[in-house]
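Coordinate-derived values only; no laboratory data. Remember, predicted model here, so these are calculated numbers, not experimental data. So basically every Cβ, Gly included, is an ideal-geometry build from the backbone, and we count neighbours across all protein chains shown.
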């Protein structure tokens, strides 16, 4: 059961801080004009730790900090409404972050009685602010859907896509072209949206509302297509457009969606590439906030995925260099070697390390059993060699980290619930509708 506050948590903290400021104890916080919410889907604390070691320069004596170390301010619990237990899915977690209300797993910004909940994007629109989402998953996936739509079932992507037509969102950039019929896209165009489906088309956009669908489903895996369009590029473009178009400010959601998907697959190399891309996006936003000091950035995860451990099998080791040397995802490697007669040199080149006779035999047997089993065997070898552990292909219930910078960032210090993050963010919106 949640406690009921007389004032939203963030507003209460603001008032306390302002009262302290009046006594000269601390400076009064500034209310931000722009709010940027960044979600590393599935990015539990072990992912940010692994990323630190993945990025470490072995030529130096110290372990270098990453953007996550630099911006860490607190932690957040992630459990859903009690009727779903202690382990959340992405929909319930995103609903908590978008509305400040806990709900059941699978719910998209509806409560346990399936009634719509007011989202921060809706509240921003009521204040004449711009809104936008940038994701590497389909734009109708659970996290973006919870900020823009309401549905009892996250799986109904095509129905969620229809709801977006009336969301008045200014920018939608990501994957998921398959969930939008041509008729629906024509309706978006009739409402003034520009439809873009390539990086070149996006670069040609300088103003106006945009729906950018750059893949039938997800954006390409960074490890396999490093030159393909990615969330860092989309984030940079979104910031350009949003900062130029609306004098009342904006609320932007950026999701590193595929961290979660790699975690579900227990795929450490692919996960680290997705972490790197998300970190690049955070740094892009951090630079924007330096140039626009009225911008608040809050970064968190919706939950932890995979039960990743840095070190496994009772060994006090983790081979980051081996992980960093892998040149393609296990699935892409399997695709390339499954039908090749002389497959061993290809596998060695893409893995970045020499396979033992036992490993070659394991892969030989897996090749005869199909793509899926071959992919899984490649992941098993990588995990064993790098001392990477996983406990599940699902989610876990551990607390996640919170990172922040900009006006109001201090409100997110310490431990909080994921619903508190939403309450604080919404309390930082303008007090009344702007004219």
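The alpha carbon convex hull volume per residue for the stretch 147-232 rounds to 108 Å³. In this calculation the C-beta distance from residue 86 to residue 186 is compared with R0 = 30 Å, giving a FRET efficiency of 0.10. For the stretch 349-435, the Kirkwood estimate of the hydrodynamic radius, built from every pair of different alpha carbons, is 18.0 Å. Label-to-label distance for residue 163 and residue 290 is 3.9 nm, based on points extended 7 Å past Cα in the beta-carbon direction. Taking the chain as the reference, fit the longest principal axis to its C-alpha atoms, fit the long axis of helix 9-22 to the helix C-alpha atoms, and give the angle between the two in degrees, 0 to 90, nearest 10. Its long axis makes an angle of about 60 degrees. The packing ranking of peptides 377-387, 264-274, highest mean first, is 264-274, 377-387, where packing means the average number of other beta carbon atoms within 10 angstrom of each residue. For the chain, modelled as a GNM whose springs connect Cα atoms under 10 angstrom apart, the maximal fluctuation among 408, 204, 85 occurs at 204.
Both radii are taken from the alpha-carbon atoms of the stretch 310-389; with Rh as the Kirkwood radius, Rg/Rh is 0.96. Note on the chain: helix-only mean residue ellipticity at 222 nm, from DSSP H runs of 4+ residues weighted -39500 (n - 2.57) and normalised by residue number, equals -12000 deg cm²/dmol. Extension gain for residue 69-residue 335 works out to 92.1 nm (0.36 nm per residue, less the C-alpha to C-alpha distance).
Computed on the Cα trace of the stretch 193-296, the radius of gyration divided by the Kirkwood hydrodynamic radius gives Rg/Rh = 0.99. Over all projection directions, the Cα-based convex hull of the chain averages an area of 23.5 nm². Quick one: compute the contact order of the chain, relative version, from alpha carbon pairs under 8 angstrom and 6+ residues apart, as a percent. Result for the chain is 27 percent.
Taking 420, 89, 153 as the candidate residues, the one with maximal mean-square fluctuation in a Gaussian network model of the chain, Cα springs under 10 Å, is 153.
Springs join every pair of Cα atoms under 10 Å in this Gaussian network model of the chain, and among 116, 58, 32 the largest mean-square fluctuation is at 58.
Its alpha carbons give the stretch 99-249 an Rg and a Dmax of 15.1, 45 Å.
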